[in-house]
Amino acid sequence: MASLQLSSHFLGKNTTKHNSVSISHSYSQTPFTRLFSRKIKFQKFMSCSMSMNGCHGDFKTPLGTIETRTMAAVLSPTAATERLISAVSELKSQPPPFSSGVVRLQVPIEQQIGAIDWLQAQNETHPRCFFSRRSDVGRPDLLLDLASQNENGNGNGGSSDRDLVSVAGIGSAVFFRDLDPFSHDDWRSIRRFLSSKSPLIRAYGGMRFDPNGKISVEWEPFGAFYFAVPQVEFNEFGGSSMLAATLAWDDELSWTLENAIESLQETMLQVVSSVVMRLRRESLGVSVLSKNHVPTKGAYYPAVEKALEIIKHKSSSLSKVVLARNSRVITDVDIDPIAWLAQLQSEGQDAYQFCLQPPGAPAFIGNTPERLFQRNQLGVCSEALAATRPRSASTTRDMEIERDLLTSPKDDLEFSIVRENIREKLNSICDQVVVKPQKTVRKLARVQHLYSQLAGKLRREDDEFDILAALHPTPAVCGLPAEEARLLIKEIESFDRGMYAGPIGFFGGGESEFAVGIRSALVEKGLGALIYAGTGIVAGSNPTSEWNELDLKISQFTKSIEYKAAATTTTLQTIN
């Protein structure tokens, strides 16, 4: 279990929670954070349509009911909204006889509508979340392979949601947030509101890369972790859609069923359903006024050299460290984070897209290719992704770059460190682990990486918390050994990573899935965006190459906001 001990800093073991809201800061004030200091009030977070904090409940006491009620299918979002409003009224007149519970009301829609298009049409004053699954077409499904190898395997449990493409949500039926690191008790608090019999009741959110690190102003509303079960949710399936409304209550938390219904009705009245806009995914049509990096190029080079000196030192066990950079982009007009995410989605079919925005907070968006883990019943899979090369428009040149990546000793070292570390961690919580393939190249729109899949069978379904404790952070975003790399990152990096490189995804009753929050940005009105990227430093790394790799990784963000005269016209389409 050594790997679990290595990661103990990143997830909390404490069972006592503190209600203090004081947050210390060690980061230098920038125009970005000074503006946040004036705009963000912690009290706003606590009171802005936030329902109840499930972390404050008694996780040992089961809820009175967890149920899903499905209504007859309709043809449009408008009809679905009307049906849900009626269903909520009926629930109010005939309330469940329980002092606590979760009820999901859902209406299938007989046409496929983009969840991100629905979210774009909604009132942006609500808390928002979005999670789009990655397309794994062409890759083996190791979870299904494991299930077929075991007579009692449960790898295909919860098949009703296997065709789910993406989810968009507004409001929160129940949220989970604390300033202390995510603990086993917090996980049990979330699980209390979930059930395998209601697989689409899920808590979406994420955790900080280093929850014990000091929180900078722009990341305050996210806490050490933040999850929420959306009040109103739009599910996009392959060939169909679904609109759902969820309410949660617990009298012991002074949030009654009457409170939950009243809050949900207020949110439902603001749902825009008559017109859903199709986004034109080309350019945002904004001009970049300034772009500044932290660290600067002059500071980054010495940082890489220092890391290489430590790696080469005989007394050091450090074999890899990931050094990150944030790039602050200021534009002439505000960037719409959902429109930006839609652009990223158009070229990121082989990646997860996500948006997480608590009340009064900036939007944290990302287009990450890396899965942290997926759990389906007892089956769990992860992957190793490391080493980076650009793509080429020329097929011949692209193949040459691929061969160079496969045969590079430096890149093989970086990748092997990641793969073997994940294999070791899965072995600590699984009865059997398979690796398939050992090494291949995974091609994305702008870059290509070395890649491998790993999967195993958990000993118990309750070991899910241990998956996080074991796998986060991976060597791909931190280094190896994790604690030594973390201390060096803390010493070298002069900015707060926040949820960059942290786990982003959802917990569900039968299935959970988390991506690694890389290729990401923090977007706020009037403040532009902070774009994050990192690169692995191992023996043989070159500061110039690593800096160029950082530029390559953020290019999907920077190129998509550059002004293009031909793309200034927005195409809108009414969906009936």
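The values are calculated or read from the model by the stated rules, or taken from the named source; none is laboratory data. As the structure is a computational prediction, the values presented were derived from the model and not from experiment. Note that we place each Cβ from the backbone using ideal geometry, even for glycine, and neighbour counts take in every protein chain shown. The area values use the complete protein model at the heavy-atom level, side chains included, leaving out ligands, DNA and RNA. Shrake-Rupley method; radii C 1.70, N 1.55, O 1.52, S 1.80 Å.
Observations on the model:
- For the peptides 364-373, 233-242, the ranking by mean Cβ contacts within 10 Å, running from highest to lowest, is 364-373, 233-242.
- Val165 paired with Lys92, simple spin-label distance in nm, labels 7 Å along Cα-to-beta-carbon: 3.4 nm
- The protection proxy used here, the mean number of other Cβ atoms lying within 10 Å of each residue, ranks peptides 245-254, 76-85, 392-401 as follows, highest first: 245-254, 76-85, 392-401.
- Cβ-Cβ distance of His56 and Thr396, R₀ of 41 Å, FRET efficiency by 1/(1 + (r/R0)^6): the value works out to about 0.10.
- Accessible surface computed residue by residue for the stretch 287-563, with neighbouring protein chains in place and a 1.4 Å probe, gives 32 Å² per residue.
- Listed peptides 494-503, 412-421 by packing density, highest first (mean Cβ within 10 Å): 494-503, 412-421
- Computed FRET value (nearest 0.05) for Arg459 with Thr70, which takes r as the C-beta separation and R₀ as 45 Å: 0.85
- The aspartates and glutamates whose alpha-carbon is closer than 15 Å to the alpha-carbon of Lys92, local same-chain residues fewer than 8 away aside, are Glu258, Glu262, Glu266.
- Pairs exceeding 22 Å between alpha-carbon atoms, taken from Lys312/Lys490; Lys306/Lys443; Lys214/Lys490; Lys297/Lys490; Lys214/Lys314: Lys306/Lys443; Lys214/Lys314.
- Surface composition of the stretch 287-563: carbon plus sulfur atoms contribute 50% of the solvent-accessible area (1.4 Å probe, protein chains only, all chains present).
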